[in-house]
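Only one structure is covered here, and it is reproduced in the block below.
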Amino acid sequence: MIGIAIDRALRPGCFFLAPPGRLRIERVAEEEVRWEIFRGHLVEAAFARASERFAAWHVYVDSDETPGAAPLVSVRWQRERNTIYVTRQILTHGFKAYEDAPGVILTRPVEKWVTELVGSVKPRGIDGGKVAQELGRTLFLAVVGTSRLPITSLESPLPAFSLGRLAYLPIPFYLSDAQQPWSDAVELLAEAIASGRELEEQAKALETALRATSLDSLARIVDFLDETFSRDERSAEWLGWMLRAVFNGVALSPYTHFADALVWLIIALAELEWFGPVEALDTIGYMLRHLSRHLTAFDLTLFHNFGANYPDALFLESLLTAHLGLSARHPEVALDSGRAARLRRRALRQACLVRRQYEGHLVPDAPTSLGENSRVLGEPFPRVPEEQILEPRKRRRKLFAETGTVDLLGPFGGRLLRKSLADLDEPLELRELGMAVFLDRPLGALKEPGEVDRTPLLSYEAFSRSIARRRIGELIAAGWIEEARRVALLAALETLSIQGVPVIELATRERPGVVTIADARKVAADFVLLRTTHSSLSGLFKHLDWRPLPDVSPETHNWLIDDPDALLVQHVAADEPGRPVLRFYRGDRLRLELGLPRASRSTAIYEESQGVEFPDLQILRICDSGGERDFGDQSIWLKRYVDA
């Protein structure tokens, strides 16, 4: 049964492969390899202390002239442990030791394959269809990366995916067995949409099409979307959500033609009657607002390898240019007085502030990080000199040096910016000057330093009054407001009501090398967490069986499921310092406290399913209309779903 399930998940029809590449799946009945896992990482074979025997399936990409040097993805089944492992191989720049003379060991640079453990599947008696489904999800993550914010190599896509050469979409077993991989990315996109896949998979199919299609051939994607969606009156809204999903899940590094292709596509869709300029501007505005918040939280001074990895800034430039062009052609959409138009103008205002902040900022010749720079990408992606990554003063390129923000705006853009500054009389618009989005994996609090963390990644909206003050100062420095306006805005800012949890009051467990909510303190000490984004919280909720909660507090359960402004943060329990807890707030009021399991060498704290790790959670405290109640001694647990 297991072998059949693996064959299902690895059917050629699950793959897209750009010509002239050829897919080869090699099955090995039994192989012995050096194998050791340490804190979720696969130890390099040369240093592994043990060997294991597996049945193996290796996925190669061959060219017409030569076979692939190493499998890009492998599936290994360890029968004795009843565990299926998914690994991937990435060609990297490294070093190899050699003996230069007796007793003298030196190293020389080489290109070598690094193997990464993506995830594991434990069948546990579930049927072959479920095994194939879970394995398919893990293979999907092996190709596109395990996180929407790629900090580590494992979280980043395979280079072959980023370069538009390879993709994977698990096909339900009841569909026809295609004996060849997809070679046309637009046809892959058509299958993903026609088969009613989840939004994430449709978005990855669209991303694949944009990556695999040259800029001068993008009209074919527009023609397909026009033919597919033009008959449905709700299609513009759905495609808008798909484009947002592409944006939310994309890894922009290495920086390819993808960003320009996505912007070109949205501009082209604006000319179609069923999509139009309103949906196009709303889509671009969404992306600009979120990029601006991201670059406020993770700026190019402290983060992004001290500004070495700056694709977000380049993408913001492309989107801002498109926003200005569409607004000038459709001024009635941008100058309207409704809330939707204010959001479009908010995008312009925040993007202009961020762009002006980084005018002249020193960056490497191309955006990259130490990890990305170690990957062998080939032409036209030469390695960036390492000194440019590590030492900002050694950099030669300046961001946005060719055109100043004022010149980019032009006459109509200047008029639009002035109207967006008038919008600051609205409290939400004034608040936006200090808004940022931070990230955290609160359920991974029990992980060891350096351990792979596959727990859900949550995003948080936060506000800093000091950053808002600074932005008001930047407005007057740019000549965009007068002194009297500055004084009025500062006065309004001081009386602006903000409800949330100050970051400075959180006692979180430090985790080097992992994004945490504690990053906010590095940016501004006065950040206040307002809410956990509803989309990321919903993704977490689906992994837990919540049935015990309404038994003890239906009010709390209903609030938690329905309130879009719920805030979940990690905190270290005062009475048990070694045990992190999860606290749910409404504004600054504590509503629910859950405890992670106590660390134990004999108990598996985390359960992995479909590439996500999750612990059971204990109900410790509830604060509802009945008052505050302690449940810590009652052992009421919210169990994890193994098959979420």
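Ligands, DNA and RNA excluded, the heavy atoms of residue 487 present near 80 Å² of accessible surface to a 1.4 Å solvent probe. Taking the protein heavy atoms of the range 530-577 in the context of the full set of protein chains, the accessible area attributed to carbon and sulfur is 54 percent at 1.4 Å. Between residue 301 and residue 224, the contour length at 0.36 nm per residue exceeds the alpha carbon distance by 23.5 nm. With a Förster radius of 25 Å applied to the beta-carbon distance between residue 499 and residue 422, the computed FRET efficiency rounds to 0.45.
Inter-label distance, residue 393 to residue 328: 4.1 nm, where each label sits 7 Å from its Cα along the C-beta direction. Ordering 111, 359 by accessible surface, largest first, gives 111, 359; the 1.4 Å probe counts only protein heavy atoms, with every chain in place.
Along the range 496-511 the Karplus relation, 6.51 cos²θ - 1.76 cosθ + 1.60 evaluated at θ = phi - 60°, assigns HN-Hα couplings of 5, 7, 10, 10, x, 10, x, 4, 5, 8, 7, 9, 9, 7, 5, 9 Hz to successive residues, with x for each Gly and Pro.
When the inverse distances between all different Cα atoms of the chain are averaged and flipped, the Kirkwood radius reads 26.6 angstrom. Given a 1.4 Å probe and the protein chains as shown, residue 1 ends up with an accessible area of around 120 Å². Using a 1.4 Å probe on the protein chains only, how many percent of the accessible area of the range 102-165 belongs to carbon and sulfur? The computed percentage sits at 57. The label-point distance for residue 178 and residue 69, in a model that sets each label 7 Å from Cα toward Cβ, rounds to 2.9 nm. Is the range 110-161 rounded, prolate or oblate when judged by the Cα gyration tensor, a ≥ b ≥ c being the square roots of its eigenvalues, rounded requiring a/c under 1.5 and prolate requiring a/b larger than b/c? Prolate, because a/c is 1.5 or more and a/b exceeds b/c.
Of 171, 37, the order by accessible heavy-atom surface (1.4 Å probe, DNA, RNA and ligands excluded), from most exposed downward, is 37, 171.
Ordered by 1.4 Å accessible area with all protein chains kept, 234, 579, 640, 598 run largest first as 234, 598, 640, 579. By the rule of a C-alpha distance below 18 Å, with chain neighbours fewer than 8 residues away ignored, no lysines are paired with residue 398. Dividing the mean sequence gap of close Cα pairs (under 8 Å, 6+ apart) by how many residues the range 121-161 holds gives a relative contact order of 27 percent. Where in the chain are the DSSP H helices whose alpha-carbon span along the long axis reaches 20 Å or more and whose Kyte-Doolittle mean is at least -0.5? Length and hydropathy pass: 128-144, 235-249, 276-297, 311-329, 405-422. Entry comment: accessible area of the chain is 43 Å² per residue, from protein heavy atoms only and a probe of 1.4 Å. Compute the FRET efficiency between residue 639 and residue 149 as 1/(1 + (r/R0)^6), taking r as their Cβ-Cβ distance and R0 = 25 Å, and round to the nearest 0.05. So the FRET efficiency works out to roughly 0.30.
Note on residue 267: accessible area approximately 50 square angstrom, rounded to 10, probe 1.4 Å, nucleic acids and ligands left out. Ignoring ligands, DNA and RNA, what percent of the accessible area of the range 219-311 is carbon or sulfur (1.4 Å)? After summing per-atom areas, the C and S share lands at 52 percent.
Which of rounded, prolate, oblate describes the range 181-270, given a ≥ b ≥ c as roots of the alpha-carbon gyration tensor eigenvalues and a/c under 1.5 marking rounded, otherwise prolate only if a/b is larger than b/c? Taking the square roots of the gyration eigenvalues as a ≥ b ≥ c, the range 181-270 is rounded. A cut-off under 10 angstrom between Cβ atoms defines the neighbours of residue 34, and their net charge, with Lys, Arg +1 and Asp, Glu -1, is -3.
The values are calculated or read from the model by the stated rules, or taken from the named source; none is laboratory data. All figures in this text were calculated on a predicted structure; none of them were measured in a lab. Neighbour counts run over all protein chains shown; Cβ positions are idealised from the backbone, glycine included. Only protein heavy atoms, including side chains, enter the accessible area calculation; ligands, DNA and RNA are left aside. Shrake-Rupley method; radii C 1.70, N 1.55, O 1.52, S 1.80 Å.
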